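The values are calculated or read from the model by the stated rules, or taken from the named source; none is laboratory data. This is a predicted model, so every value here is computed, not measured. Glycine gets a Cβ as well: all are built from the backbone with ideal geometry, and neighbour counts include every protein chain shown. Areas reflect the complete protein model, heavy atoms only, side chains present, ligands, DNA and RNA absent. Shrake-Rupley method; radii C 1.70, N 1.55, O 1.52, S 1.80 Å.
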Amino acid sequence: MGANDPQAAGKPATKRQFRIWRGDENGGDLQDYTVEVNEGEVVLDVIHRLQATDAPDLACRWNCKAGKCGSCSMEINGKPKLSCMTRMSTFTEDETITVTPLRTFPIIRDLVTDVSFNYEKARETPAFAPPPGVAPGDYRMQQIDVERSQEFRKCIECFLCQNVCHVVRDHEENKTAFSGPRYFIRAAELDMHPLDARNDRKEYAQAEQGLGFCNITKCCTEVCPEHIKITDNGIIPMKERVVDRKYDPLVWLGSKIFRRGQVPQTSVTSGHSSGAVHSSGGAGGQHSHAGGSHDPQAELQAQKGVNWHREVPHPTAPAVDDRGKLPLTELTFDRAAAPSPFGDDVTFPLPPEHLNFAHPDQDKH
Amino acid sequence: MTAPSATTPTTRPGGARPRAAIAARTLRTDRWWLQPLIIAAILLFFIVYSTIRIFMAKWYYVEDYHYLTPLYSPCISTECVPGSAHFGTPLGDFPFFIPLGIIAFPIVAGFRVTCYYYRKAGYRSLWASPPACAVNEPHKSYSGETRFPLFVMNWHRYFFYLAALILLVNIYDAVLAFRGPDGNFGVGLGTLIILVNIVALAGYTASCHACRHVMGGRLKHFSKNPVRYRLWTFVSKLNVRHGTFAMTSLFTVILTDFYVMALSAGWFDDLRFIN
Ligand code: SF4
Ligand code: SF4
Ligand code: FES
Ligand code: FES
């Protein structure tokens, strides 16, 4: 084994001890492996080498190997990490390295878990609400107004924060009521967005996302590979925004004495039944496990709200072969790669008159 | 809040789908228990020390140099030793069981207990919820800060307003400490200790998350409020160090109080630089 590995210049390869959790929903255990490690490698490299040698059926999820896709989350020596960003040089040579799947989500096999909890929570979070009376293309924002939200856009959805959060990690029963840090920063991102038209995001975060469950112990911030200050810049400001409306002691006292004061919160709490947000334009009520909801009605609805200033061609699905599949095989396909999402007859740069965007002031015809 | 939500894989009828069967409480190999242990020791020491001092009712004022410990400021009972009642004695006599620091202590204690930094420190080290990241907590159930008593933590804002007033009182005390025995300008080691304590307290109060919020964090459009944006930017810079300020000011308060106690009890003498 390892005979055809390129021997990196510098230190020779070493043998390291690994303990990897193998199993599925019927149970499993930690199994020992001895594997070769070269200079400059990361944990994911070692897992790939194991797949190529001792454990060809070892399941793991990965994609970019550059810390940008968020697929390769696992727990390495008990710490939630991206395996493609965990350097082998951070371990001593005689250290046994334990690799386990994310603990908080249901297991599929070996290092692969079912993270659909997060996608459900994502769908429940109300989307950006376009400001009334402003057409897309007319949105104008200043950098200082959007930079707080931009920090949260760095999220790569690795769900390490969702996995480490003790609210659901240690208490499965809280999964219904608690959306998790990744969706708190989503709520914060939109609440701080200068053009977002919803003004009930604070109440929503408190009543539907379970913001109150978070006890700001900051583990989400500790594990975030994008170094987003989830707690300081997202959760705490959201809690403070809730305080503005909800925890003013005088209001609380008044509501206890006069049984009033519920008014600002009911709009959100009473809408609670299926967990979906009902005002989110028809599509929000659907919970398809396959990803986005392919609801033609909703897509039509979404396009109606957009004023492109001109006739826009409708998006068309790419051509499929007679089995209903994309003809992706190079051998049978007439092009060098997958069909272009812009249409195969489109070349770049586009002639300006084919652009969908029209500047409101400069493009007056 | 406990109404059934969407049918996620984890809430399907028939119970949750199993997670990976890993029995160990944590697989962390580093010394994750060290940090919470140290913090717990510090917090417990401070709680015990300040409780003893609050009920001691003596050795809180050095008449010669006008040093007043922050734990007894403002002292507004007629029982306060002469000179220590900088704001008069509007409340008259206190019954014996009410400590002299009754005005400031609940505010300052409430401010610290509900502080976002101390919440993290306390939940982790004193309540083990969780003791460290990716280490299982021992508690059977968990509702966080969603209900009484812990939702009271959300009142931090109001403790912040009150604590800012107490800070002003402390600053006034510090100014008075710049006097010698004859009433003229004077500086001693005690004055400097009190001054350092004020800087630490001011840093702690100004870097507070609630302060950051009221200064500008609550705004949606920074561009329309340039002054508040500048304030917010300034507080945000301090806010990054909030934990450091929190711990530093804890120690400077103890140090100041201990120094004043030692002088007042006559254990040693103040080191005077001027007058
Ligand atoms: S700070 Fe809150 S959201 Fe983040 S891990 Fe801790 S409890 Fe969970
Ligand atoms: S916030 Fe950070 S830890 Fe959480 S999913 Fe996004 S990138 Fe991962
Ligand atoms: S493989 Fe994409 S983040 Fe690790
Ligand atoms: S004093 Fe710590 S957050 Fe306010």
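Does A:T100 satisfy the condition of being touching an Asp or Glu at 6+ places or on another chain (Cβ under 8 Å), more than 16 Å from ligand 2 (Cβ to nearest atom) and open to solvent by less than 10 Å² (accessible area, probe 1.4 Å)? The answer is yes for A:T100. Being small (G, A, S) and within 26 Å of the chain's Cα centre (by Cα) is true for just one of A:G40, A:G78, A:G27. Which residue is that? Testing whether each residue is small (G, A, S) and within 26 Å of the chain's Cα centre (by Cα) leaves just A:G78.
Every residue, every condition in (1) touching a Cys at 6+ places or on another chain (Cβ under 9 Å); (2) away from chain A (no Cβ under 14 Å), yes or no:
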site: B:P90; (1), (2): no, yes
site: B:I103; (1), (2): yes, yes
site: B:V113; (1), (2): no, no
site: B:K140; (1), (2): no, no
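Just checking, does the stretch A:226-235 include any residue being within 16 Å of ligand 3 (Cβ to nearest atom), open to solvent by less than 20 Å² (accessible area, probe 1.4 Å) and outside any helix (DSSP H, G or I)? Scanning the stretch A:226-235 turns up at least one residue that is within 16 Å of ligand 3 (Cβ to nearest atom), open to solvent by less than 20 Å² (accessible area, probe 1.4 Å) and outside any helix (DSSP H, G or I). Checking each residue in the stretch A:168-187 for being near ligand 1 (Cβ under 9 Å from one of its atoms) and more than 27 Å from A:N199 (Cα to Cα) picks out A:V168, A:R169. I'm trying to understand the selection: among the residues of the stretch A:59-97, which are of a type in the set (A, V, I, L, M, F, W, C) and open to solvent by 30 Å² or more (accessible area, probe 1.4 Å)? Within the stretch A:59-97, A:W62, A:C64, A:A66, A:C69, A:M85 qualify. If you take the residues of the stretch B:169-183 that are more than 12 Å from B:E63 (Cβ to Cβ) and among the charged types (D, E, K, R), which of them is modelled with the highest pLDDT? If we take residues in the stretch B:169-183 being more than 12 Å from B:E63 (Cβ to Cβ) and among the charged types (D, E, K, R), then B:D173 is modelled with the highest pLDDT.
Just one of the listed residues (A:R169, A:R201) is surrounded by 22 or more Cβ atoms within 10 Å (Cβ to Cβ), facing chain B (nearest Cβ under 9 Å) and either of a type in the set (D, E, K, R) or within 16 Å of ligand 2 (Cβ to nearest atom) (or both), and it is A:R169.
Only one of the numbered conditions (1) assigned to a helix (DSSP H, G or I); (2) without any contact (Cβ under 8 Å) to a residue 24 or more places away in the chain is violated by B:S264, and that is (2).
Yes or no, residue by residue, for (1) part of a strand (DSSP E or B); (2) within 16 Å of ligand 3 (Cβ to nearest atom); (3) closer than 20 Å to B:F222 by Cα:
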{"site": "A:V99", "(1), (2), (3)": "yes, yes, no"}
{"site": "A:I108", "(1), (2), (3)": "yes, no, no"}
{"site": "A:P126", "(1), (2), (3)": "no, no, no"}
{"site": "A:P136", "(1), (2), (3)": "no, no, no"}
{"site": "A:Y139", "(1), (2), (3)": "no, no, yes"}
{"site": "A:I144", "(1), (2), (3)": "no, no, yes"}
{"site": "A:I156", "(1), (2), (3)": "no, yes, no"}
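The listed residues are A:F184, A:F105, and the only one of them that is open to solvent by less than 40 Å² (accessible area, probe 1.4 Å), assigned by TED's automatic domain parsing to the domain that holds A:W21, touching a residue at least 40 places away in the same chain (Cβ under 8 Å) and within 15 Å of ligand 2 (Cβ to nearest atom) turns out to be A:F105. Within the stretch B:155-174, if we keep just the residues that are within 14 Å of another protein chain (Cβ to nearest Cβ) and in contact (Cβ under 8 Å) with a residue 40 or more places away in the chain, the residue that is most open to solvent (accessible area, probe 1.4 Å) turns out to be B:L162. Selection within the stretch B:175-228: residues that are among the charged types (D, E, K, R) and either within 16 Å of ligand 1 (Cβ to nearest atom) or open to solvent by 30 Å² or more (accessible area, probe 1.4 Å) (or both). The member of this set that is nearest to B:I254 (Cα to Cα) is B:R179. Restricting B:R212, B:R272 to residues that are within 16 Å of ligand 4 (Cβ to nearest atom) and either over 20 Å from the mean Cα position of the chain (by Cα) or of a type in the set (K, R) (or both) narrows the list to B:R212.
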